[in-house]
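The values are calculated or read from the model by the stated rules, or taken from the named source; none is laboratory data. Computed from a predicted structure; not experimentally measured. Please note: Cβ atoms are built from the backbone with ideal geometry, for glycine as well, and neighbour counts cover all protein chains shown.
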Amino acid sequence: MILFSRSRIFLCLVVALTSCLVAKASSYEESELKWRQERSKRLSAPSGWLSLIGLDWLSLGRNTIGSSSDNSVQLNAGPAHFGCITLTENKTIIFEPSKTDKITVGGKLSTTPVTIQPDDENPTIIQSGSVSFFVIIRGDKIGLRVKDTESERRKHFVGLDYYPINPAWRIEATWIDYKPPHSINITNVLGQTSPEPVPGKAVFKYEGKTYELTPIDEGKDEPLFFIIRDKTSGIETYGASRFLYADRPKNGVVILDFNRAQNPPCAFTPYATCPLPPKENRMPFAITAGEKSYKGESH
């Protein structure tokens with residue numbers, strides 16, 4: 001009787017543990033699926049990367065802007081004459097809206113010249129109908145990032161492809177701080193190279209070997225940003241790189257969830273200026289997790 005009771009207790013414990021593990025796995029899969037849905041919504045949103053239709057560089061002096069061929073900066077869509085931007089020697093940027101179309105600057109109807117301050121985080125949006133643009137700075141270049149909510153890429157978005165969700169690719173890495181922080185040279189698709197801050201490195205094991213990944217620090221309130229390449233790149237995944245974001249370390253640990261490895265904007269449009277992975281982040285094995293190559297119209 002005692003043996004029977006102990007056997008039943010042991011069986012109950014096994015069943016309870018198995019149920020707990022199944023529930024945990026199911027919860028993880030649900031969270032990953034939700035993340036993928038949100039990722040797709042962000043990408044295909046009216047202001048998402050699929051709406052990008054142009055990247056046009058400004059010249060010193062007066063730049064006329066619009067879809068008509070008589071402009072010095074010809075856009076792929078929008079009004080024939082959007083207005084003009086004057087770029088001065090000291091990098092002052094002055095936009096003068098066209099008098100023939102309703103042009104908004106920062107959401108307000110504008111008919112007079114306005115000075116524009118480039119800001120990647122909170123750019124001043126200049127818009128007419130479905131087409132808008134804002135000013136960006138890339139190295140010594142100043143340009144216009146042009147978007148259209150009615151872009152063909154956005155209208156014909158075919159969704160994203162992923163490897164099956166695999167909890168084994170959610171890896172706990174040891175975080176090693178750099179004191180003081182280092183910098184690393186990052187080159188973008190334009191061939192421009194700039195130093196980026198590196199707060200430390202994530203050290204992890206895969207199939208018995210130790211590897212390191214180096215993140216870029218985009219600010220204390222932002223996650224760690226890893227630009228990676230691996231043996232799937234150019235075969236099953238986008239050739240140039242994939243991006244991976246991770247929460248900042250807690251108790252010396254960083255979670256690298258490769259199920260959330262994602263394509264850079266350059267995988268979807270030729271008008272993005274994506275960074276390329278440093279040599280430290282080129283893994284000599286296949287990361288069969290996360291986002292695969294985009295099957296729709298891509299760069």
Can you name every residue in segment 61-83 that is assigned to a strand (DSSP E or B), surrounded by fewer than 20 Cβ atoms within 10 Å (Cβ to Cβ) and more than 28 Å from the chain's Cα centre (by Cα)?
G61, R62, T64
Just to check your reading of the model, which residue among L144, L160 is aliphatic (A, V, I, L, M), in contact with a helix residue (DSSP H, G or I) (Cβ under 6 Å, 6 or more places away or on another chain), within 22 Å of P270 (Cβ to Cβ) and touching a residue at least 40 places away in the same chain (Cβ under 8 Å)?
L160
Looking only at segment 84-106, which residues are acidic (D, E) and either at pLDDT 95 or above or not in a loop (DSSP other than H, G, I, E, B) (or both)?
E96
State the number of residues belonging to segment 110-123 that are more than 14 Å from F82 (Cβ to Cβ) and either at pLDDT 95 or above or surrounded by fewer than 17 Cβ atoms within 10 Å (Cβ to Cβ) (or both).
8
Close pairs from segment 73-89: first polar (S, T, N, Q), partner surrounded by 20 or more Cβ atoms within 10 Å (Cβ to Cβ), Cβ under 6 Å, at least 6 apart
N76/I53; N76/G54
Here are the criteria: (1) loosely packed, with under 14 Cβ neighbours inside 10 Å; (2) in contact with a Lys or Arg (Cβ under 9 Å, 6 or more places away or on another chain). Tell me which single one I228 does not satisfy.
(1)
Going by the conditions given, is A16 touching a helix residue (DSSP H, G or I) at 6+ places or on another chain (Cβ under 8 Å), modelled with pLDDT under 95 and of a type outside the set (S, T, Y)?
no
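Of everything in segment 253-299, what is β-branched (V, I, T) and assigned by TED's automatic domain parsing to the domain that holds F204? Give them in sequence order.
If the condition is that a residue be β-branched (V, I, T) and assigned by TED's automatic domain parsing to the domain that holds F204, then V253, V254, I255, T269, T273 are the ones that fit.
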Just checking, how many residues over segment 125-153 are within 20 Å of S72 (Cβ to Cβ) and of a type in the set (S, T, Y)?
2
Examine segment 81-94 for a residue that is touching a helix residue (DSSP H, G or I) at 6+ places or on another chain (Cβ under 7 Å) and among the hydroxyl-bearing types (S, T, Y), and state whether such a residue exists.
no
